[in-house]
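The values are calculated or read from the model by the stated rules, or taken from the named source; none is laboratory data. Treat the numbers as computed from the prediction; the structure is a model and nothing was measured. When we count neighbours, we look across all protein chains shown, and the Cβ atoms used for this are built from the backbone with ideal geometry, even at glycine. Remember, those area values only see protein heavy atoms, side chains included, never the ligands or the DNA or RNA. Shrake-Rupley method; radii C 1.70, N 1.55, O 1.52, S 1.80 Å.
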Amino acid sequence: MESSGTDRTGRNVRVRRGWSLLCGLLLAVSAINGNAAPGWWQKNDWTHTDTALQLSYTALHIADWGQTLDIENHANAYETNPILGRSPSRGEINTYFASTLALHWLIARVLPQKWRSQFQLGTIALEFDVISENHSAG
């Protein structure tokens, strides 16, 4: 591995490791829930509260996405997300945020009802904290 964070093919090692971790998490959640078999998307335990929490997360995630894209407009600003690295390209930012948003919806869908709201509330709190820190940093 070169010091720039890329492998022999020029791929960003941090991004590849991050995606591997996220995909592994999804598979683990599916296996724990016993929903790895076909038909998991047809579960009927999704509630109006689940939808409201998921939409709240989505709004915060999109705000974080916008703040991350805005980094290039501030000379002293840099990204602190270790998966994206200190100065990601617009393409890396867009790919990361679009993918993690879709993955969040998928994870919420496969989680058992008793864990789903905890996952949603936890990630809402995390996004709120990140947005607040970004805002206070300017």
Candidates per trypsin sites (Lys or Arg not before Pro) in segment 39-126, loop by DSSP, up to 16 other Cβ within 10 Å: 43, 86
message: Can you classify segment 81-134 as rounded, prolate or oblate using the Cα gyration tensor, where a ≥ b ≥ c are the square roots of its eigenvalues, rounded means a/c under 1.5, and otherwise it's prolate if a/b beats b/c and oblate if not?
response: oblate
- line: Computed ³J(HN,Hα) along segment 76-87: with the Karplus parameters 6.51/-1.76/1.60, θ = phi - 60°, integer Hz and x for glycine or proline, the list is 9, 8, 8, 7, 9, 5, x, 6, 7, x, 5, 9
field: Rg to Rh, two decimals, where segment 38-133 supplies the alpha carbon set and Rh follows Kirkwood
entry: 1.04
Exposure rank, largest accessible area first [96, 57, 78; 1.4 Å]: 78, 96, 57
task: Compute the length gained on full extension between residue 72 and residue 135: take 0.36 nm times their separation in residues and subtract their Cα-Cα distance, giving the result in nm to one decimal.
output: 21.2 nm
